[in-house]
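The values are calculated or read from the model by the stated rules, or taken from the named source; none is laboratory data. These numbers were taken from a predicted model, which means no experiment stands behind them. Every residue, glycine among them, receives a Cβ derived from its backbone with ideal geometry; neighbour counts consider all protein chains shown.
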Amino acid sequence: MLRTIEVAELGQLPYQQAWDLQKSLAERRKQNLIPDQLLLLEHPHVLTLGRNGRQENILAPRERLAQLGIDYFEINRGGDITYHGPGQIVGYPIVDLREWKRDVVAYVRGIEEVVIRALAQFGIEGARDACATGVWTPQGKICAIGVHISRWVTTHGFALNWTTDLNYYQHIVPCGLTRPVTSMRKLGVDVPREQVHQALVREFAHVFDYEPALESASA
């Protein structure tokens with residue numbers, strides 16, 4: 001029997017606002033007050049450093065980041081430094097893994113599979129890398145993934161470069177890896193955001209056994 005997930009398309013949200021919303025929804029999910037959630041949104045320019053991150057992977061001084069309008073947060077997801085900004089589609093699943101699989105690695109591999117399948121609908125061949133989490137193409141990394149799990153309820157998620165300005169990556173060593181990044185647009189795929197959202201929701205429902213319902217999430 002398929003489960004239900006509520007999907008919220010939230011437009012562009014400042015990072016702190018989105019993080020507060022995630023925490024609120026996660027607490028409500030732990031209490032079984034709401035079903036699983038999938039938030040789709042974009043952020044203004046921001047760098048986030050995961051709990052295993054290294055400060056030396058931030059290449060620009062904080063003053064320079066501020067001049068460029070780039071915010072900065074240290075957060076509790078896995079992984080190192082990453083960039084979020086306009087043109088990047090961010091997905092934050094707030095899901096209780098006890099109702100799917102109590103397996104963190106399987107969950108991360110599932111998110112990779114969602115993105116790989118969604119990209120395939122636009123003619124982009126995404127793949128895993130045995131040595132690095134995320135989704136990769138021959139031209140570079142196209143999707144970063146970092147999660148946090150508390151009492152089997154997930155926060156954080158994935159960041160897919162759609163029409164992202166890749167110049168912002170010059171200020172960091174993305175995910176601590178000296179490897180190129182790319183975007184759907186750079187690979188010659190210029191499609192509306194709504195089509196990418198639809199593909200991601202469809203594949204998320206398929207991989208994680210959901211019947212999606214499009215509703216607005218609220219704190």
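Scanning segment 167-192 for residues that are out of contact with any helix residue (DSSP H, G or I) (no Cβ under 8 Å at 6 or more places or on another chain) and surrounded by fewer than 19 Cβ atoms within 10 Å (Cβ to Cβ) gives Asn167, Gln170, Leu177, Thr178, Arg179, Pro180, Arg185, Gly188, Val189, Asp190, Val191, Pro192. Output the residue which, of all residues in segment 58-103 that are in a strand (DSSP E or B) and polar (S, T, N, Q), is surrounded by the fewest Cβ atoms within 10 Å (Cβ to Cβ). Taking the candidates together, the pick is Gln88.
For segment 90-101, filtering for residues that are modelled with pLDDT of 95 or more, among the charged types (D, E, K, R) and more than 14 Å from Leu25 (Cβ to Cβ) leaves 1. Here His197 meets each of (1) in contact (Cβ under 8 Å) with a residue 40 or more places away in the chain; (2) over 21 Å from Asp80 (Cα atoms); (3) surrounded by fewer than 17 Cβ atoms within 10 Å (Cβ to Cβ) with one exception, condition (3).
So, of the residues in segment 1-27 that are in a helix (DSSP H, G or I) and polar (S, T, N, Q), which turns out to be farthest from the chain's Cα centre (by Cα)? Taking the candidates together, the pick is Ser24. For segment 15-57, residues that are surrounded by fewer than 19 Cβ atoms within 10 Å (Cβ to Cβ), farther than 24 Å from Val196 by Cα and touching a His at 6+ places or on another chain (Cβ under 9 Å) total 1. Within the bounds of segment 157-166, is there any residue that is in contact with a helix residue (DSSP H, G or I) (Cβ under 7 Å, 6 or more places away or on another chain) and surrounded by fewer than 18 Cβ atoms within 10 Å (Cβ to Cβ)? Among the residues of segment 157-166, not one is in contact with a helix residue (DSSP H, G or I) (Cβ under 7 Å, 6 or more places away or on another chain) and surrounded by fewer than 18 Cβ atoms within 10 Å (Cβ to Cβ), which makes the answer no.
Residue pairs, Cβ under 8 Å, 6 or more apart or interchain, first in segment 172-194 and at pLDDT 95 or above, second of a type in the set (D, E, K, R). List them. Close Cβ pairs (under 8 Å, with a partner that is of a type in the set (D, E, K, R)) amount to Val181/Lys141; Thr182/Lys141; Met184/Asp190.
Would you confirm, using the coordinates I've provided, whether Thr154 is modelled with pLDDT under 95, closer than 29 Å to Arg28 by Cα, crowded, with 16+ Cβ neighbours inside 10 Å and polar (S, T, N, Q)? So Thr154 does not fit the description; no. Taken over segment 133-150, the criterion of being of a type outside the set (Phe, Trp, Tyr), free of Cβ contacts under 8 Å to residues at least 60 places away in the same chain and surrounded by 15 or more Cβ atoms within 10 Å (Cβ to Cβ) is satisfied by Thr133, Gly134, Val135, Thr137, Gly140, Lys141, Ile142, Cys143, Ile149. When Val46 is tested against (1) touching a Gly at 6+ places or on another chain (Cβ under 6 Å); (2) at pLDDT 95 or above, exactly one condition is not met: (1). Entry remark, segment 197-219: residues being at pLDDT 60 or above and either assigned to a loop (DSSP other than H, G, I, E, B) or of a type in the set (D, E, K, R) (or both) number 5 in total.
Out of Val153, Val105, Val115, one residue alone is aliphatic (A, V, I, L, M), out of contact with any Cys (no Cβ under 9 Å at 6 or more places or on another chain) and touching a residue at least 40 places away in the same chain (Cβ under 8 Å). It is Val153. The set of residues in segment 1-31 being within 22 Å of Val153 (Cα to Cα), in contact (Cβ under 8 Å) with a residue 40 or more places away in the chain and not hydrophobic (A, V, I, L, M, F, W, C) consists of Arg3, Thr4, Glu6, Glu9, Tyr15, Gln16, Asp20, Gln22, Lys23, Ser24, Arg29, Lys30.
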